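Step one of this worksheet: look at the structure below.
The values are calculated or read from the model by the stated rules, or taken from the named source; none is laboratory data. Because the structure is predicted, anything quoted here is derived from the model rather than measured. Every residue, glycine among them, receives a Cβ derived from its backbone with ideal geometry; neighbour counts consider all protein chains shown. Only protein heavy atoms, including side chains, enter the accessible area calculation; ligands, DNA and RNA are left aside. Shrake-Rupley method; radii C 1.70, N 1.55, O 1.52, S 1.80 Å.
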Amino acid sequence: MRVYQAELKRILKTRSVQILLAAAVLLSAVLAYFPCTFAEYVYEDEAGQEVTLTGREAIRMIKERQGVYQGEITEEKLSDAVEQYDEFASRYEGGLPNGIYDERVTAVDSYRYVYVINRLLTRMQEVNADPDTGIAPGIEELTQADAQNFYKQCRQHVRDLIYLENGHGAKADSAVAQAEQIIKCTKYGKRRLAAVRILTGVTVVTVMYAAGITLFLLVMNSLIGWESLKSSVQITVSAVVFVPVTVGGLEVIIALAGYITLLATVCFTLFLSGQMKSVFASAVTAFVFFLLPVVCYMVFDGNVRNWICSILPSGGTGLINSFTYAVTDTKFAFIGDQAIWTPYLMMAAALIEIILFIPLTVAGWCRKRG
């Protein structure tokens, strides 16, 4: 324990570590606040003038207007959304065959009558898409029956989408079966010193990640509204999200997955440091491997891309290939006729890499200091 405390103290006194810790905390707050600046809401003031709100003011107005459409979304709320839209569309001669993009619909009316129910209507369109073409019906085609059968139709839409993306056959059957299942579920010796240093590094990374993700979620959820965490991800994100959780539950899953991916990346970086002669060489190599999933995502396609992007240590990170996108998508990696949902593959690979690279790092460090 004394060796661990001394090593931890040494690391925390390092100027570069202090700068990285401060930058991580600051960046977490910035990244949480930045998306909120894109929010926009248009309304008409008492003088009849069109007013456009942005940023936090827009979020405040949106939260006020959402009313009963916050929190858990029931068939009754979906039915009410269809009824509201039908009443709105009936004000225009011939209805609104092009939806709110009709030139007769002003921005004020769009925000006043449709904005708060738009995501509900969009999800109903999504789950009722044609199973052969994937084309969704227009909003004007939605019925009360569609609202009442929404959650039942979600399940069927998952099946239709997987077959549409992968064709019919044993592989697609395996993916469908798995998707339905997911929906349901020194004097202390060189080795000891190496182990202590790895533990110390993991401790610093853990504290940094915990502080960063906590600050990020506090800022983001405070701005957007904590009540939104109660909404189903099938309504908020996409109707074909497999995991049957709320937005709050999805945040927890993504946070845990992010930590596991981070540990896998750190363990791989430490492993490289034990195999290479210089810190610079190991740092450059680690950076290349960090970016590799993003490059592979853009270069490769299909099953090869899904495998490579999932099994690399940093496969769960990135702007377009991250675990966040994978857990809300329907991509599978196939081995023969067996399908593996890519988030499962990402986490399994990351856990294996953590277990594998830690002893290999110890061995590499001991050999270099031999």
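Observations, loosely collected:
- Separation of the alpha carbons by more than 22 angstrom is noted, of Lys13/Lys277; Lys63/Lys331; Lys171/Lys331, for Lys13/Lys277; Lys63/Lys331.
- Charge sum, other residues only, whose C-beta stays under 15 Å from Gly302's C-beta, Lys/Arg counted +1 and Asp/Glu -1: 0
- Surface share of carbon and sulfur [accessible, 1.4 angstrom probe, percent] for the chain: 63 percent
- Sorting 306-318, 284-296 by their mean Cβ neighbour count within 10 Å, with the most densely packed peptide first, gives 306-318, 284-296.
- Computed packing ranks the peptides 132-139, 11-18, 196-203, 22-29 as 196-203, 22-29, 132-139, 11-18, most packed first, by mean other Cβ atoms within 10 Å.
- Label assignment, volume of the Cα convex hull per residue in Å³ derived from the structure, set (1) 131; (2) 174; (3) 229: (2)
- Radius of gyration and Dmax over the Cα atoms of region 218-348, both given in Å: 16.8, 53
- Sites listed here are GluC sites (Glu not before Pro) in region 7-44 whose DSSP assignment is loop and whose Cβ has at most 16 other Cβ atoms within 10 Å, and the list is empty.
- Under the combined filter of DSSP loop state and at most 13 neighbouring Cβ atoms within 10 Å, region 228-309 retains these trypsin sites (Lys or Arg not before Pro): Lys277.
- Computed from label points 7 Å out along Cα-Cβ, the spacing between Ile11 and Tyr344 is 3.4 nm.
- Heavy-atom accessible area, probed at 1.4 angstrom with all protein chains present, ranks Lys63, Lys9, Lys171 as Lys9, Lys171, Lys63, highest first.
- Dipole magnitude of the chain, debye to nearest 20 (Cβ charges: Lys/Arg +1, Asp/Glu -1, about Cα centre): 4140 debye
- Accessible area per residue, Å², the chain with all protein chains present, probe 1.4 Å: 54 Å²
- The alpha carbon convex hull volume per residue for region 14-162 rounds to 189 Å³.
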